[in-house]
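Here, each number is a calculation from the coordinates, and none is a lab measurement. As the structure is a prediction and not an experimental result, all values here were calculated from the model. Cβ sites come from the backbone with ideal geometry, for glycine too, and all protein chains shown count toward neighbours.
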Amino acid sequence: MGLLRAMRIGVLTSGGDCPGLNAVIRSVVHRATADHGDEVIGFMDGWKGLLEGDHRKLDLDAVGGILARGGTILGSSRVQPAHLRDGVERARGHVAELGLDAVIPIGGEGTLKAARLLSDAGLPIVGVPKTIDNDIAVTDVTFGFDTAVGVATEALDRLKTTAESHQRVMIVEVMGRHTGWIALHSGMAAGAHAIVVPERPFDIEELTARVAARFEAGKKFAIVVAAEGAKPREGTMAFDEGGTDVYGHERFAGVARQLSVELERRLGKEARPVILGHVQRGGTPTAYDRVLATRFGWHAVEAAHRGEFGMMTALRGTEITLVPLAEAVESLKTVPAERYDEAECVL
Ligand code: F6P
């Protein structure tokens, strides 16, 4: 049965930040307080805030002017899975103490796994997916992706002019640990000459041949886009891998740097690595991301009022739907082969 009475809702942002987080927070507060008469609190710095009970009140004033702001007014952090597993009872205690009827965590793959863990433990959770990587399987798009692609595309456009002036090969590393969505979209949008993605290990011979053919055809420069998680086909090139960090995330040793050394040697042309890094995640969200984030926030509050816990908001076509958190964390959305074919320049 739905919960039609006013509620107390907790919201938090966890994992790597992403343009549009503030738009979700604002939307949750607007829908919950102005339309339902709810009270909303925000936990500080991700799951850490829930585990430690660190929170602040979120009213309409608190979310004034944040729609277009990048980052998250609540702060974010990553948490080690084991730390969270040990903290389930503490989290339950804080939810009870604060009289919360629902908790809305906004986050990517790791956050949604944590959300599922707490939901399975009986906490009233409605998840909201976010990530610039766009790799959450059960939603067509995550907010933040459009902004990141826009930033990367603008950078690629700019790099083309300087590459041409100096007859250089620019290898531009974009984010994308497991999937090449940002590389594919920005590469297509900017007309890159080669794109390498984690889903399809590249062959250095093929990559060299493609860039060489361009110079032989009289072109003065080349732009290669590499997703940070891209790797060479086994045995085709010496490659330094980076190991893992304390959160179990792969640490990268720099595909752009390694490729630029290799391409310069093989082609006899100057090559430069450019790592776009966190600039892709910073700053104001695009209109698309603001709208998607706002819709997710609205629907998360509605789901909470209907008592639909253990679910996550998702975009399917043009509709916002709810999908079980269990499904959300089953697999990642990788770039399908048909999408590479359309891009032509994916190796
Ligand atoms: O998952 C989002 C993401 O931006 C990835 O694309 C990237 O690999 C990672 O976060 C970077 O994480 P951090 O901010 O911890 O360096």
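A few points about this structure:
- Sparse packing (at most 12 other Cβ atoms within 10 Å of the Cβ) combined with a DSSP loop state is found for the following GluC sites (Glu not before Pro) in the stretch 205-252: Glu234, Glu241.
- Karplus-derived HN-Hα couplings along the stretch 149-166 (A = 6.51, B = -1.76, C = 1.60, θ = phi - 60°), whole Hz, x at Gly and Pro: 5, x, 5, 5, 5, 4, 4, 5, 4, 5, 5, 4, 5, 6, 4, 5, 4, 9
- You can think of it this way: the chain between Thr284 and Glu205 has 24.5 nm of extra reach, that is 0.36 nm per residue less the Cα-Cα gap.
- Selected from Thr284, Thr321, Thr244 as most flexible by GNM, with the chain as the system and alpha-carbon contacts under 10 Å: Thr244
- Crossing angle, helix 255-267 versus the chain [Cα axis fit, 0-90 degrees, rounded to tens]: 10 degrees
- Taking θ as phi - 60° and the Karplus parameters 6.51, -1.76 and 1.60, the scalar couplings of the stretch 209-224 work out to 4, 5, 5, 4, 4, 5, 5, 4, 7, x, 6, 9, 7, 8, 10, 10 Hz in sequence order, x denoting glycine and proline.
- Using C-alpha pairs below 8 Å separated by at least 6 residues, the relative contact order for the stretch 146-281 is 34 percent.
- Arranged from fewest to most other beta-carbon atoms within 10 Å of their beta carbon, Cys345, Cys18 become Cys345, Cys18.
- Start at zero, step by 10 Å, and the Cα-Cα distances of the chain spread as 6, 25, 30, 20, 13, 6, 1, 0 percent across the bins.
- HN-Hα J in Hz across the stretch 57-62 - Karplus 6.51, -1.76, 1.60, θ = phi - 60°, x for Gly and Pro: 6, 10, 10, 4, 5, 5
- For Ile41, the residues whose amide H sits under 5 Å from its own are Ile9, Gly10, Val11, Leu58, ignoring neighbours fewer than 5 places away on the same chain, with H placed 1.01 Å from N.
- Among Val29, Val255, Val211, the largest mean-square fluctuation in a Gaussian network model of the chain (Cα springs under 10 Å) belongs to Val211.
- Amide H contacts of Phe202 (H built 1.01 Å from N, under 5 Å, at least 5 apart or other chain): Lys231, Arg233
- The length gained by stretching the chain between Glu330 and Glu216 to full extension, at 0.36 nm per residue less their Cα-Cα distance, is 36.4 nm.
- Of the trypsin sites (Lys or Arg not before Pro) found in the stretch 184-228, the ones in coil according to DSSP and having at most 16 other Cβ atoms within 10 Å of their Cβ are Lys219, Lys220.
- Distance between the 7 Å Cα→Cβ label points at Ala189 and Asp245: 2.5 nm.
- Loop-located GluC sites (Glu not before Pro) in the stretch 257-333 (DSSP state not H, G, I, E or B) with no more than 13 neighbouring Cβ atoms inside 10 Å: Glu330.
- The stretch 146-281: proportion of alpha-carbon pairs further apart than 19 angstrom, %: 45 percent
- The chain: relative contact order in percent, alpha carbon pairs under 8 Å with at least 6 residues between: 24 percent
- Entry note, the stretch 192-347: relative contact order of 23 percent, from Cα contacts under 8 Å with a spacing of 6+ residues.
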